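Remarks on the structure that follows.
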Amino acid sequence: AIAAPRAHGKSTYTSQLFPLWCLVFNYKSFIVEISDAVELMEGMLEAIKAELEDNPHLKLDFPSVVGIGKTWRVGEFVSNNGVKIKAFGSGKRLRGVRYGVKRPDLVILDDLENDTNVRSKDQRDKLEDWVDEAVLNLGSADGSLDVLYVGTILHNDSVLARKLKLGFWNPKVFRSIEEFPQRLDLWDEYATLYRNSDFNTAHQFYLKNKALMDKGAKVLWNEAKSLEDLMKLRAENLKAFNKEQLNNPRSENQIFSLDSINFYDVLPPISQYYMYIDPAGEKAKSDFTAITIIGKGTKGFYVVESIVKILKAQSIIKTIFNLQKIYKCRLIEIETNGGQFFLKKWIQEKSLESGVFLPLRGKNNSVSKFERIESLSLAFENEELFLHKSQSMLISQLLEFPEGKNDDAPDSLAGAFLLARVKSSIKRRNHNIRVRSPQRRVYV
């Protein structure tokens, strides 16, 4: 699996030159090339066919291979030495694909995803299932199938990004700027000139300060994209530059990063626990219920439980009672917006039936969900809030916020933190109150 920047020849090398090399040397007999849109891959095949028809150097070195083969149509051809290449679009039916008795022995996946579909987790999951189940099982039982997956990382949870985390895919990531220049402050001035004046003004500034502005920089392919070319793209659109040139599709809207989140390894002594419940709506069968328990320590607030599951009402109630037995929370809040008030009533009835008191109250949020979750960034910045690295669902949803599919865990965390912080503050203020004895007034 290879991630490479735009306009650096990845498709030319992997979808044209590499299969052509395999073809003329008879290294492979049935090559399948797949892209997001079959039309793009059909264009790649046309380029290979043009080389076989018109390249004089190939005619000299491989006279028995070149020329028009017996099958020679758009999206599919068989060369004169019997090698077949066929194009497909991503997600299409592949089961049973054969060339006579031969099954594919090379699959090239080139830019399987597009900017629209990659935003949907459901679409990402569906495409990954298709790759794992349909593509990787195209080959014969002898294990002769090779798969080359190339593209640009369009989303931090794209299928390509997932495969790049797996060692057996032999992952490689290339960036157009391998090392940034030391004087980024000068490049910020360049960007201001480029945006507010014109390119010539910015370019003259660069030429005047070239030695300083180039110092420390290392670009991937200077002949194709110089440092100034790339920094100009960066000035035009930072988000697009990070994604298309650095394979770092972090959104400009992203609020949380792993570097900004505080973590603890060992839980310190906790004086009080607080629980917050964000239940799925009454009719939301696929939404998560998120339950967060925060403990008040001497240096801040610590998330000790972050439960994010699809739970039915009875399971939610059972989970709450079990957690209360363990943590004996000082106060429990449950969100009652959006028709969720019914669950509070059921919990109170269960509490009366069982004789187990729950310090439960409802919470009707008037502040928007975005503002509630965004406020956590200040808590992390002030080192008031700490998570544990085992709370993977919570961390994942924080990193994907606000563009992720789910944000139930961060919303529950925001509710729990606000509850714990406000109640701890009230308790502290009460402890600071001093009763003064009456003072005698003297009248003259």
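A few remarks follow.
- Look at segment 205-232: where a residue is within 16 Å of Phe180 (Cβ to Cβ) and a partner is among the hydroxyl-bearing types (Ser, Thr, Tyr) and surrounded by fewer than 16 Cβ atoms within 10 Å (Cβ to Cβ), sitting 6+ places away or on another chain with Cβ atoms under 8 Å, you get Val219/Ser226.
- Only one of the listed residues (Glu39, Glu76, Glu46) is surrounded by fewer than 16 Cβ atoms within 10 Å (Cβ to Cβ), under 27 Å from Ala141 (Cα atoms) and of a type in the set (Asp, Glu). That residue is Glu76.
- Filter result (closer than 19 Å to Gly297 by Cα and aromatic (Phe, Trp, Tyr)) within segment 364-393: Phe380, Phe386
- Flag for Tyr302 being at pLDDT 95 or above, under 27 Å from the mean Cα position of the chain (by Cα) and surrounded by fewer than 21 Cβ atoms within 10 Å (Cβ to Cβ): no
Here is a yes/no grid of residues against (1) of a type in the set (Lys, Arg); (2) closer than 24 Å to Gly9 by Cβ:
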residue: Phe199; (1), (2): no, no
residue: Lys232; (1), (2): yes, yes
residue: Asn247; (1), (2): no, yes
residue: Gln254; (1), (2): no, no
residue: Tyr264; (1), (2): no, no
residue: Tyr273; (1), (2): no, no
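- Members of segment 138-165 found to be assigned to a loop (DSSP other than H, G, I, E, B) and without any contact (Cβ under 8 Å) to a residue 40 or more places away in the chain, listed by number: Gly139, Ser140, Ala141, Asp142, Gly143, Ser144, Lys165
Quick grid of which residues meet (1) surrounded by 13 or more Cβ atoms within 10 Å (Cβ to Cβ); (2) closer than 30 Å to Glu384 by Cα:
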position	(1), (2)
Met231	yes, no
Pro249	yes, yes
Gln272	yes, yes
Thr292	yes, yes
Gly297	yes, yes
Leu323	yes, yes
Ile326	no, yes
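- Every residue from segment 210-224 that is touching a helix residue (DSSP H, G or I) at 6+ places or on another chain (Cβ under 8 Å) and part of a loop (DSSP other than H, G, I, E, B): Ala217
- Among the residues of segment 94-114, just one is exposed (fewer than 12 other Cβ atoms within 10 Å of the Cβ) and either under 31 Å from the mean Cα position of the chain (by Cα) or over 22 Å from Thr71 (Cβ atoms) (or both), namely Arg95.
- Residues satisfying the stated conditions in segment 86-116, i.e. without any contact (Cβ under 8 Å) to a residue 40 or more places away in the chain and closer than 13 Å to Val159 by Cα: Gly91, Asp115
- Taking residues in segment 369-385 that are over 11 Å from Ser260 (Cα atoms), and partners anywhere that are of a type in the set (D, E, K, R), the pairs with Cβ atoms closer than 8 Å and at least 6 places apart or on different chains are Lys369/Asp407; Lys369/Asp411; Arg372/Asp411; Ile373/Asp407; Ile373/Asp411; Glu384/Arg421.
- Condition check for Leu323: in a loop (DSSP other than H, G, I, E, B), at pLDDT 90 or above and not polar (S, T, N, Q): no
- 2 or more residues at pLDDT below 85: qualifying helices (runs of 4 or more DSSP H) within segment 327-444: 341-354, 392-400, 408-431
- Matching residues in segment 226-250 - criterion: being modelled with pLDDT of 95 or more and in a loop (DSSP other than H, G, I, E, B): Ser226
- All of Asp146, Asp142 fail the test of being closer than 30 Å to Gly100 by Cβ and loosely packed, with under 14 Cβ neighbours inside 10 Å, apart from Asp142.
The values are calculated or read from the model by the stated rules, or taken from the named source; none is laboratory data. Treat the numbers as computed from the prediction; the structure is a model and nothing was measured. All Cβ positions, glycine included, derive from the backbone under ideal geometry; neighbour counts span all protein chains shown.
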